[in-house]
Amino acid sequence: MTPPAAPENAPTPTPDTGALRSLLPVLGAHRATVLRTCLAALVDQAALVALVTLAAHTVGTAVIEQRAPSPATVAVLIGLVLLRALATWREMDLSHDLAYRVLAELRVRVFDGLARSAPARIAGRRSGDLAATALGDVEALEFFYAHAIAQLLASGVVFAVAATLLGLLGPWLLLAVVPAALLLLWSPLVEARGRAERGARTRAALADLSAESVETVDGLRELLMAGALDRTRARLRSGGRRLARAQRAEQSWETGAGAARDLLVVAAVIGVVAAAAHAAGGGRLDGAWAPAAMALALGALAPVAESAAALGRAGSLRAAAARVRAAVHAPAGAPAPAAPVPVPPGPLGLRLRGVRFGYGAGPVLDGLDLTVRPGETVALVGASGAGKSSVAHLLARYWDPREGTVELVPAAPAGTPSPAAAAHPVGLRDLAEHDLRAAVCVVGQEAPLFHGTLAENLRLAAPDATDEELAAAVRTCGLAPVVDTLPHGLDTPVGERGATLSGGQRARVALARGLLGRPRILVLDETTAHLDHRGDAEVARALAADARTRSRTTLIIAHRPATVRRADRIAVLDAGRIVEEGTWDELIRAGGALARLLSREGTDRETAETADSAPPR
């Protein structure tokens with residue numbers, strides 16, 4: 001079911017004022033480009049101010065003194081035009097090259113943050129919302145990196161030099177320019193909170209609409225079958241209207257603020273004109289310099305006005321920056337070790353000791369102890385919600401247990417008198433990410449495939465796998481008949497999330513993908529649940545016949561009796577602890593927890609089947 005859209009009048013928290021500042025360090029790797037961009041922006045603005053000032057002085061000289069400009073003056077004017085054109089092109093080229101390089105790096109950092117914190121931090125978040133952060137919010141920061149920084153630095157230098165020259169022409173001219181510049185810079189600071197709130201509403205509305213759109217496309221078939229398209233359209237229209245209102249409010253304010261800045265600049269220039277005319281009439285200023293003073297004031301204030309606009313726009317980007325920063329700096333659910341240790345060679349077993357873990361206030365696993373010996377196949381069973389998948393999550397190290405240890409136990413060397421003394425377990429916390437993934441593979445019930453060919457999806461775990469290894473994994477998991485029916489065999493595109501394959505076929509692909517990585521420990525979390533009994537038996541026989549099975553340790557999380565009874569040993573999980581262990585025959589004869597679990601599940605299935613087959617009233 002698609003969650004309801006956010007209320008249109010829902011309050012939006014104001015982003016942290018340091019969000020943009022926290023993203024400045026990403027420029028550290030591009031110091032040379034930043035310096036060149038700032039220099040190009042400085043030359044660009046300085047050339048423009050020099051051009052308009054010299055042109056105004058030349059016109060004033062021609063009008064007042066009836067003297068044509070000298071060839072040198074004309075040459076300088078032409079040179080300034082060419083210099084300004086070259087500097088503008090260079091600044092645009094450098095600034096956008098810098099911005100897009102930084103954005104590419106930020107996208108990778110956002111992805112790394114999501115991957116590092118998954119699934120803990122992204123649980124409950126909508127995929128469209130995550131996509132809006134990784135793409136839309138990062139893209140929105142292009143203006144900040146491409147224009148704001150270099151423009152602020154260049155404008156400050158140009159204004160300081162221009163104000164100094166105005167002061168040399170006449171200190172009274174500064175009375176019109178300096179207050180206007182201070183007002184221009186003060187205005188975005190005063191309205192910063194309002195801009196941030198409007199920007200936050202726009203980014204939140206855009207993220208909600210993105211999430212709604214992605215979920216609508218993903219669930220289009222289900223919505224069509226349920227006759228819910230009209231309701232979905234209504235939600236999309238409501239989200240679109242909410243986004244449009246937020247954008248109109250933001251742009252209307254920006255338009256008004258821009259008009260106010262222009263009026264302030266015009267008022268300052270008029271003040272300079274009046275002061276210069278009065279000074280020229282009193283003989284305190286050469287008449288030819290009066291239009292030059294006006295042009296110099298305009299050249300000094302125009303960059304300041306643009307910087308004020310950049311500051312204002314940057315303030316509205318705080319919401320995007322805050323979302324990006326939260327993703328980049330998301331804490332890891334399982335932090336990387338400070339000093340990783342190597343994975344022991346040879347076959348490996350598993351050992352969980354005193355494990356306590358939960359997602360909220362109450363524990364899911366409460367003092368769990370479980371040992372799987374190297375080369376052994378153990379089935380972990382339990383009622384729904386008993387914590388079986390939580391064990392798989394801990395073995396994949398999506399999370400770390402709150403208490404206790406999860407360890408890899410190497411096989412004791414042959415002839416060791418005391419196997420327990422010879423084994424040196426290694427905690428999962430002490431392993432580097434790539435070492436853990438190479439040693440332990442967890443294949444879940446829902447293993448989505450990616451848009452690409454079947455071969456590309458299989459090679460995710462082993463990019464360098466040969467065609468022979470690929471074919472062997474396909475045969476082991478019973479995919480050969482499926483591959484034979486595909487138009488291009490392994491090179492056939494499977495569609496986004498494996499849309500062209502059935503659930504059972506996707507399960508076989510996921511299992512083959514896991515086996516292709518040659519893990520020493522294989523955890524199957526309801527992997528064959530989508531297969532029928534015959535398919536489950538075929539996969540079990542293929543795995544048993546695999547030459548690597550004798551050295552591979554397998555933990556099977558399952559509820560199907562036929563799957564469970566094939567294991568060497570069965571562990572029953574109840575209330576967060578292992579309450580019973582043994583072989584199938586031993587546990588069935590004992591009539592304990594496993595027998596009660598099978599009896600209860602059989603009764604539930606019989607009740608469901610009876611309800612399904614009952615005639616309608």
List, please: which pairs have Cβ atoms under 7 Å, are six or more places apart or on different chains, and start with a residue in the range 63-74 that is in the same structural domain as Ala292 (by TED's automatic domain parsing) and end with one that is not aromatic (Phe, Trp, Tyr)? Ile64/Gly287; Ile64/Ala288; Glu65/Ala288; Arg67/Thr61; Ala68/Ala62; Pro69/Thr58; Pro69/Ala62; Thr73/Thr58
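Quick grid of which residues meet (1) more than 16 Å from Val406 (Cβ to Cβ); (2) of a type outside the set (Gly, Ala, Ser):
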site: Val328; (1), (2): yes, yes
site: Pro331; (1), (2): yes, yes
site: Ala338; (1), (2): yes, no
site: Pro345; (1), (2): yes, yes
site: Arg351; (1), (2): no, yes
site: Arg356; (1), (2): no, yes
site: Gly362; (1), (2): yes, no
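Just a yes or no: is a residue in the range 195-203 in the same structural domain as Glu254 (by TED's automatic domain parsing) and either outside any helix (DSSP H, G or I) or within 16 Å of Ala297 (Cβ to Cβ) (or both)? Before you say what the answer is, go through the steps one by one.
Our first condition is that a residue be in the same structural domain as Glu254 (by TED's automatic domain parsing); within the range 195-203, this holds for 195-203.
Of the ones still in play, those that are also either outside any helix (DSSP H, G or I) or within 16 Å of Ala297 (Cβ to Cβ) (or both) are none.
No, that holds for no residue.
For the structure I just gave you, tell me whether Ala332 is surrounded by fewer than 20 Cβ atoms within 10 Å (Cβ to Cβ) and modelled with pLDDT under 80.
Values: surrounded by fewer than 20 Cβ atoms within 10 Å (Cβ to Cβ): yes; modelled with pLDDT under 80: yes.
The answer is yes for Ala332.
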How many of the residues making up the range 357-372 are at pLDDT 90 or above and among the charged types (D, E, K, R)? 1
Suppose the filter is in contact with a Phe, Trp or Tyr (Cβ under 6 Å, 6 or more places away or on another chain) and in the same structural domain as Ser155 (by TED's automatic domain parsing); does Ala275 pass it? yes
So, in the range 561-617, exactly how many residues are acidic (Asp, Glu) and either at pLDDT below 85 or farther than 21 Å from Ser389 by Cα (or both)? 7
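Would a scan of the range 28-50 turn up a residue that is at pLDDT below 85 and assigned to a loop (DSSP other than H, G, I, E, B)? Let's see the steps before the verdict.
Let us first name the residues in the range 28-50 that are at pLDDT below 85, namely 28-29.
Among the residues that remain, those that are also assigned to a loop (DSSP other than H, G, I, E, B) are: none.
No, the range 28-50 contains no residue that is at pLDDT below 85 and assigned to a loop (DSSP other than H, G, I, E, B).
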Determine if the range 277-294 includes at least one residue that is at positive phi and either modelled with pLDDT under 80 or acidic (Asp, Glu) (or both). yes
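Residue-wise test of (1) under 30 Å from Ser213 (Cβ atoms); (2) at pLDDT below 75; (3) surrounded by 15 or more Cβ atoms within 10 Å (Cβ to Cβ).
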residue	(1), (2), (3)
Thr133	yes, yes, yes
Phe143	yes, no, yes
His147	yes, yes, yes
Ala162	no, no, yes
Leu168	no, no, no
Leu182	no, no, no
Val190	no, yes, no
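Just one of Thr527, Thr466, Thr500 is touching a strand residue (DSSP E or B) at 6+ places or on another chain (Cβ under 8 Å), within 27 Å of Asp435 (Cα to Cα) and of a type in the set (Ser, Thr, Tyr); which is it?
On the way: Thr466 fails: touching a strand residue (DSSP E or B) at 6+ places or on another chain (Cβ under 8 Å); Thr500 fails: within 27 Å of Asp435 (Cα to Cα).
Matching residue, one of Thr527, Thr466, Thr500: Thr527.
Sort out for me the strands (runs of 3 or more DSSP E) sitting completely within the range 341-459 that have 1 or more residues that are of a type in the set (D, E, K, R) and surrounded by fewer than 19 Cβ atoms within 10 Å (Cβ to Cβ).
Working: elements: 348-357, 365-372, 377-382, 403-410, 440-443.
Hits in the range 341-459: 348-357, 365-372, 403-410.
The values are calculated or read from the model by the stated rules, or taken from the named source; none is laboratory data. Nothing here was measured: the structure is a model prediction, and the numbers come from that model. Positions of Cβ are backbone-derived with ideal geometry, glycine not excepted, and every protein chain shown enters the neighbour counts.
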